1. Can you tell which of 155, 113 is assigned by TED's automatic domain parsing to the domain that holds residue 47 and in contact with a strand residue (DSSP E or B) (Cβ under 7 Å, 6 or more places away or on another chain)?
2. Tell me which strands (runs of 3 or more DSSP E) are completely within region 316-401 and hold 2 or more residues being in contact (Cβ under 8 Å) with a residue 40 or more places away in the chain and closer than 21 Å to residue 100 by Cβ, or say none if there are none.
3. Against the condition in the same structural domain as residue 158 (by TED's automatic domain parsing) and either within 23 Å of residue 74 (Cα to Cα) or within 25 Å of the chain's Cα centre (by Cα) (or both), how does residue 215 come out, does it pass?
4. Only residues in region 436-448 that are in contact (Cβ under 8 Å) with a residue 40 or more places away in the chain count as the first member; pair them with residues that are in a loop (DSSP other than H, G, I, E, B), Cβ under 6 angstrom, at least 6 apart or cross-chain, and list the lot.
5. Among the residues in region 281-289, are any in a helix (DSSP H, G or I) and either closer than 19 Å to residue 67 by Cβ or out of contact with any strand residue (DSSP E or B) (no Cβ under 9 Å at 6 or more places or on another chain) (or both)?
6. If you check residue 188 against the conditions, is it at pLDDT 95 or above, under 17 Å from residue 274 (Cβ atoms) and either touching a strand residue (DSSP E or B) at 6+ places or on another chain (Cβ under 7 Å) or surrounded by fewer than 23 Cβ atoms within 10 Å (Cβ to Cβ) (or both)?
7. Somewhere in region 382-390, is a residue in the same structural domain as residue 131 (by TED's automatic domain parsing), surrounded by 15 or more Cβ atoms within 10 Å (Cβ to Cβ) and closer than 30 Å to residue 132 by Cα?
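The values are calculated or read from the model by the stated rules, or taken from the named source; none is laboratory data. Keep in mind the model is a prediction, meaning the values are calculated, not measured. For neighbour counting, all protein chains shown are included, and Cβ atoms are generated from backbone atoms with ideal geometry for every residue, glycine included.
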C-alpha cells in the first residue's frame, strides 16, 4: 500500500498565535475560576498504550491489580465516560495534543515508519505543550511519541524542553532502543522501569515548578512478554472472568488476559513510584496527576482482539474496523488536591480532544494565545460546578494499513450509537440503553429508522463543520 502524503495544516502556527496575542503580557487565565487559583499546579500526565477502561480496578474489574491507579481515582475524580475520538494510537495522540479531530489534523491512522516516514503532526498545528512552555512551565516528555519521525516532528521542536524515549510506535519491553540525550541506542533494562527512572529524575530537577511531565508508557501494548515476575505473579493460578464473545477460544483469551493484565500492573507499580516521589519531594499537594490511556482495547469482546483495527481471535484472522465502546473508552482519573474532591465521579462524556483546553485553563495560558479547538475544557466539572454539557460525542477513524480499509464516523449519545462506514460496510446502530454490549445492529430495523435519521443528520452536520472529505462518498 502506498503511503499517505503529508497534508498542510488548517490553522495558524504557534508563533503566529503568540504574536497576535502579545505573549509578553501578564498571564491571564482562560477561566475566572482558574485565575483565582493561588498557584498553578505542576502537571503529571501518566499515559498508557492500549489500556482499555475495563482494565482498571476502579471501573469494577476485580481481576486486575491496579491499586495505584485506583488510589488516584479515590483521592480525586474518576471520569466514567472518557472517550477517544479515534481508536488507534497516532490519531488519538495527535488529538490529545491538538484538541482537534483526525479529520482536522490529518493523522488518520497509526503512523507506519516504513510506508509513511514523512507523516506526522505538522508544525503548523499548535500543540498545548508549546503554550504551556510559553506560559512558564518546564515541559518534559518521556516514552512513546509516535507522532512523526522527521526532525520537524521531534518533541524538542514541539514544545518540550526534555525528551527521553522513542519516536516510533514501539520498542521491546526488555533491553529497548531509546533516545537519551539525543543519542539513540539499545539500552539494558526493563522499558517500563527505565521510563519511570527518567521521569523521576526530571521531576526532581524541576521540583520547584511549575512543570508539565508526560510519561507515555508502551505498556500494555503487545507483545506483552517478557514481563517482570513481580507483575505476572498477581495472576498466576487465578481464574479470570472472560468477556462475552470470548467463547471462540476461551483458553487463548485467558492466556492473553493474564499477560495483558500483568503489563497493566507493571504500569501501576511504576505509577506508585511516581506518586511516592511526589510525596518524598513534598510536592504532592502542588501537583495534578492525570492518568489515562491512548485508546481502548478488546480481548474477546465481539470475538475480537485489539482496538479500532481489531482482528478476529478465531482463525482465519480477519480485520474488523470498529468503534465499539471497548475500543473508544479509556480510563481517566485525576487527582488535584485542594480542587478535586476525593471520591468524585464525573459521568459527563469527555474526551482526549478536551485535554488541550482543559490543561491550558489549568495552566492559565492566555486565552488570546490559543487556537480554536474542537475540545471543551472540563475544568468546571473537576471543580464540581454544574455547567451545560455535550449530549453526544463524535469520532472518526480512517483505516489505511489493513484490509478492509474503512472510513468510519461515529455519533454516540447516552442511549444510542450510530457508526457509518463510508467505504466497505453497512451502517451500525446500537441502542446502548438496552444493548450495552453492542450485539444487535438496528440499522435496518424499521422501528429504528426515525432515530437513525435524526442521528445521521447530526453526524453529517458535524462532518460538514470539520470539512470532512468523505461526505461525497455516500
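1. Details: 113 fails: in contact with a strand residue (DSSP E or B) (Cβ under 7 Å, 6 or more places away or on another chain).
Of 155, 113, the one residue that is assigned by TED's automatic domain parsing to the domain that holds residue 47 and in contact with a strand residue (DSSP E or B) (Cβ under 7 Å, 6 or more places away or on another chain) is 155.
2. Details: elements: 319-321, 332-335, 344-346, 392-399.
Those strands (runs of 3 or more DSSP E) span 392-399.
3. On the way: in the same structural domain as residue 158 (by TED's automatic domain parsing): yes; either within 23 Å of residue 74 (Cα to Cα) or within 25 Å of the chain's Cα centre (by Cα) (or both): yes.
Yes: the conditions hold for residue 215.
4. From region 436-448, the pairs are 437/244; 438/324.
5. So in region 281-289, the residues in a helix (DSSP H, G or I) come out as 284-286.
The next check asks that each one be either closer than 19 Å to residue 67 by Cβ or out of contact with any strand residue (DSSP E or B) (no Cβ under 9 Å at 6 or more places or on another chain) (or both); those that pass are 284-285.
Scanning region 281-289 turns up at least one residue that is in a helix (DSSP H, G or I) and either closer than 19 Å to residue 67 by Cβ or out of contact with any strand residue (DSSP E or B) (no Cβ under 9 Å at 6 or more places or on another chain) (or both).
6. On the way: at pLDDT 95 or above: yes; under 17 Å from residue 274 (Cβ atoms): no; either touching a strand residue (DSSP E or B) at 6+ places or on another chain (Cβ under 7 Å) or surrounded by fewer than 23 Cβ atoms within 10 Å (Cβ to Cβ) (or both): yes.
So residue 188 fails the test.
7. So far as region 382-390 goes, yes, one or more of its residues are in the same structural domain as residue 131 (by TED's automatic domain parsing), surrounded by 15 or more Cβ atoms within 10 Å (Cβ to Cβ) and closer than 30 Å to residue 132 by Cα.
Residues checked against (1) assigned by TED's automatic domain parsing to the domain that holds residue 72; (2) touching a residue at least 24 places away in the same chain (Cβ under 8 Å); (3) crowded, with 20+ Cβ neighbours inside 10 Å; (4) in a loop (DSSP other than H, G, I, E, B):
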position	(1), (2), (3), (4)
200	yes, yes, yes, no
207	yes, yes, no, yes
226	yes, yes, no, yes
237	yes, no, no, yes
242	yes, yes, no, yes
263	yes, yes, yes, no
270	yes, yes, yes, no
